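Before any comments, here is the structure.
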Ligand SMILES: [Zn+2]
């Protein structure tokens, strides 16, 4: 369980920023962990802002909604750069579905952290082919803290770190994830790619 190095309040003379990354497959609890950390910051009376890609409208336009329906209000944005304008005044800035943002998100997060913002980024570390997803590897590289959360393989019950796509579409971004994907361990993911099960 991640424990914050500090959850100081705004009255502190000097704000210190840093970057946290929460990564993992689908159904691994990334968004739940993001919400948990942001809610703790709210309890500490910190100013919290949450952003997500504008096209991620699976459940709701405004809320970051996780699969178990704990939700928190968020602002949909189109470009990572939008966070500079909208998020620079807050203490803690959360980003959900970060894998869908452009590469500029890494530089944006570094800038925000350098100027005293605690940045918490959640996203898929691998796509449906098991390849590193978008800006996530770079974000992990510049983060002080990286937490990899795991799902359970629906085929065998082992620890799962892959998102296996059951549907045939070749598009990387596909909405309606619960029907189209399942969490799998390395072995069952490989078997699935071969078409065995
Ligand atoms: Zn398995």
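Some points to look at:
- DSSP-defined beta bridges in the stretch 18-149 - what % are antiparallel, rounded to 5: 15 percent
- 51, 79, 133 arranged by Cβ crowding within 10 Å, fewest neighbours leading: 79, 133, 51
- If you sort the three axes of the alpha carbon gyration tensor as a ≥ b ≥ c, you get a/c of 1.5 or more for the stretch 65-135 and a/b no higher than b/c, which makes it oblate.
- Using C-alpha pairs below 8 Å separated by at least 6 residues, the relative contact order for the stretch 18-149 is 38 percent.
- Normalised per residue, the volume of the convex hull around the Cα set of the stretch 18-149 (Å³): 94 Å³
- Rough spin-label spacing in nm, given labels placed 7 Å along Cα→Cβ, for residue 196 and residue 47: 5.5 nm
- Computed from label points 7 Å out along Cα-Cβ, the spacing between residue 7 and residue 82 is 2.9 nm.
- Distance between the C-alpha centres of the stretch 129-161 and the stretch 89-126: 17 Å, rounded to the whole angstrom.
- Exposure proxy order (Cβ contacts within 10 Å, fewest to most) of 77, 35: 77, 35
Since every read-out is calculated from the coordinates, none of them should be taken as a lab result. The structure presented is a predicted model; accordingly, all values stated were derived computationally and were not measured. Note that we place each Cβ from the backbone using ideal geometry, even for glycine, and neighbour counts take in every protein chain shown.
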